[in-house]
Each structure stands twice: as structure tokens, then as C-alpha cells.
Amino acid sequence: MSILITGAAGFIGANLVARCLSRGNNVLAIDNLSRGTLDNLRAYQADARFTFAELDLNNLSALKSSIGSYHAKDPIKVVWHLAANSDIPAGIADAGVDLRDTFLTTFNTLEVMKQLSIPSLAFASSSAVYGDFGNQVLTEDLGPLFPISNYGAMKLASEALISAAVEDYLPQAFIFRFPNVIGLPATHGVILDFIHKLQSNSQRLAVLGDGTQQKSYLHVEELLDAMFFITEHAKDPLNYFNIGADDGGITVKEIAELVVARVASQAQINYGQGNKGWVGDVPKFTYSIEKLRSLGWQPKLHSNQAVQKAVDQIATAILGA
Ligand SMILES: NC(=O)c1ccc[n+]([C@@H]2O[C@H](COP(=O)([O-])OP(=O)(O)OC[C@H]3O[C@@H](n4cnc5c(N)ncnc54)[C@H](O)[C@@H]3O)[C@@H](O)[C@H]2O)c1
């Protein structure tokens, strides 16, 4: 079976490519390399079942022609749409970033799927679609939803577009609302950011916000386990699930302490003001994963265990043992 992965050269995309190849699928991987790198895909370049196309999903005619010619030889059965802007502050500074890379990439992916009658879409959504519900536990049917970042707004708009496609021409879709996902090859995120800061100054770690931000963290290997479990067990035309750790999350203060202990134990941690790291940062969210648990899947790692594992992996990859 052939699978198309957009955003394949990014952090989660590269892990998904590896998983799909190991499951015996052919993979067409698309990325414009704005954030992902070919290095993330180097291990698969020699695999005859792997094809990479450097393409911007905003170029609809190039997209139609590239996917169309692949599909004519080897029909694509599923699209995993992961391409998006992954830098929330960049999308606050320029709303056009999320319009193009988070929303229009979904619009164009659906256009191509419609034209080629590709029957299934798996979409990387986010906790950011919920906005800020404070201490309220987030269940999938909560609403109305008012995201507080352009990124969250464009993810929610993408979900809406997928819903309309399912009503019209798309036989099946899976919407995965990711938590904070961590592991290798890290392209962004709080752990990478802290390690880079400590590389340039091993005496001091400046944290954005007061460190009380508290969120669910999941290791990328468990994220992939959950997504494949859902695609194999959820049978509705439109399936939507929170995916996260089974706990209240971990604070930024705890993450900073874990990174400092691993990378530069002498460093002093300096906290900023307020409980938001940046405009559009949701300071706290607690996922209900009851729907996923009812389907039959449960994460093995708590948020703090996932963070500890990722800190070790990323520090080793960047700094050595
Ligand atoms: N990592 C997380 O914690 C997290 C949390 C919630 C949701 N997500 C979602 O998961 C998906 C993957 O995230 P990631 O962490 O791997 O991010 P990433 O930045 O590593 O990967 C995204 C990839 O999309 C590519 N891309 C962006 N715009 C594109 C365009 N116009 N055309 C073609 N390629 C384009 C980038 O080059 C990059 O390789 C994204 O949709 C992201 O919003 C991630």
C-alpha cells in the first residue's frame, strides 16, 4: 500500500516515514524543507520503497502534477498530512505564516485528494484548537472552541475543512489532537531550546514565563503507536481524538530542572514574568484521553518520564554521551 506523508522531513514526519516503511508501505514524502531537513530522511534515501519530492504544498499545480504522476503508477491509499508551521510565535508575528503553511496546506492537500479520489486522510491537529480553558479537563466534544493563537485558529479551520470534505467526497478522516510531542530528531520545542541556550551559556538558563506552565508531553514513539491504533480501530467516517499522556502534565520548571541536571548542573535557572511564554501560549491544559482509552489504547509513559527520555536522547544527539 502506498502512503503520502506531507511535512515528512520534519520531526514527527521523519519518524512516521520510518514507521510506514517498517510496516511494509511505499512512501511518497513531500516537504519544502523550510523547517525539516534532508538529514532527517537520509536513512531511507536508498530504500526503493521511498520517494522524496521537495515541494511547497502552497504550489497547487506542482502538487497536483507530482502526486498525480506518482499515484498513476502506484495508487496512494492514505495521506498523512503533517506539514504546518510549527513555530507559534512566528505565526503571531505574521499571521500569513499560519494562513499559508497551516491552513492552505490542508486546503491544497484536500484538493489533490478530491481530484485523485484518495480515500483516507490522517491529520496532525493540536491541543491549540481548544484555546485556554484554564483548569477544565479537555474532552473532544468541548465547545465552543476559541483558539488564542493563529496557529490554533488555522488548525481548527483545517479540522472544519476536513469535516466538510467528509460530508462531500472523502470516505474517511482521522483528526489527531496532539499534545507536546518530543523525541528525536528534534526540530523545535522547549527541550531543544533549553539545551541550545545552555550550550551558549552554561552558567544561566533564562526561561520564558514563570515556569508554572503545565502541559501534557508524549514521546513520539508513543504518538505513532496511538495514531496507528486509532486508524486500525476507529471506524467512523470522521474520527477525532485527543492523544496525550494519562496525567495532568509536567511544568516548565520541572523540564528546566531536568535539562539543567542532564546538561549543566551548575547553571542557575532564571524565570520570567507571568504564566505565558509568549503571546498565544496556553499556560495549562489537561487532556482527557478517555475516548482513546475506551477504544483500547493507553500510553505507557507519564509526561515526566517522556520528558526525561527525550532530554537524554536530545542531549546525547547534540552534546554526545
Ligand atoms: N511537535 C509537537 O509538539 C506538535 C504538537 C501539536 C501538533 N503538531 C503538528 O504535527 C505536525 C508535525 O510537527 P513537527 O513537530 O514534526 O514539526 P516540524 O516543523 O518538524 O515539521 C513540519 C514540516 O512541515 C514542513 N512544511 C511546512 N510548511 C510546508 C509547506 N508549505 N509545504 C511543504 N512542507 C511544509 C516543514 O519543512 C517541516 O519539515 C505539524 O502539523 C504540527 O502542527 C506538532
Residue list for the range 194-203, restricted to those being surrounded by 14 or more Cβ atoms within 10 Å (Cβ to Cβ) and more than 10 Å from A256 (Cα to Cα)
K197, L198, S202
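Would it be correct to say that D39 is under 22 Å from A317 (Cβ atoms) and under 21 Å from the mean Cα position of the chain (by Cα)? Give the derivation first.
Working: under 22 Å from A317 (Cβ atoms): yes; under 21 Å from the mean Cα position of the chain (by Cα): yes.
Judged against the criteria, D39 is a match.
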What number of residues within the range 69-90 are more than 11 Å from the ligand (Cβ to nearest atom) and part of a helix (DSSP H, G or I)?
6
If we keep only residues of the range 213-258 that are of a type in the set (D, E, K, R) and within 24 Å of V282 (Cα to Cα), then the residue farthest from the chain's Cα centre (by Cα) is E257
V263 - would you say it is farther than 18 Å from G244 by Cα, crowded, with 19+ Cβ neighbours inside 10 Å and modelled with pLDDT of 90 or more?
yes
Does D101 count as farther than 12 Å from I30 by Cα, buried (at least 20 other Cβ atoms within 10 Å of the Cβ) and either touching a residue at least 60 places away in the same chain (Cβ under 8 Å) or touching a strand residue (DSSP E or B) at 6+ places or on another chain (Cβ under 7 Å) (or both)?
yes
What do you reckon, is K114 more than 24 Å from K284 (Cα to Cα), in contact with a Phe, Trp or Tyr (Cβ under 7 Å, 6 or more places away or on another chain) and away from the ligand (no atom under 16 Å from the Cβ)?
yes
Scan the range 306-316 and tell me whether some residue there is hydroxyl-bearing (S, T, Y) and over 19 Å from F194 (Cα atoms).
no
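Yes/no matrix, rows are residues, columns are (1) outside the structural domain of L198 (by TED's automatic domain parsing); (2) crowded, with 17+ Cβ neighbours inside 10 Å; (3) touching a residue at least 40 places away in the same chain (Cβ under 8 Å):
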site	(1), (2), (3)
D225	yes, yes, yes
T231	yes, no, yes
P237	yes, no, yes
E257	no, no, no
Q268	no, no, yes
Given (1) touching a Pro at 6+ places or on another chain (Cβ under 8 Å); (2) modelled with pLDDT of 95 or more, T212 misses just (2)
The one condition R293 fails out of (1) farther than 24 Å from L224 by Cα; (2) in contact (Cβ under 8 Å) with a residue 40 or more places away in the chain; (3) not in a loop (DSSP other than H, G, I, E, B) is (1)
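The values are calculated or read from the model by the stated rules, or taken from the named source; none is laboratory data. All of these numbers come straight from a predicted model, not from anything done at the bench. When we count neighbours, we look across all protein chains shown, and the Cβ atoms used for this are built from the backbone with ideal geometry, even at glycine.
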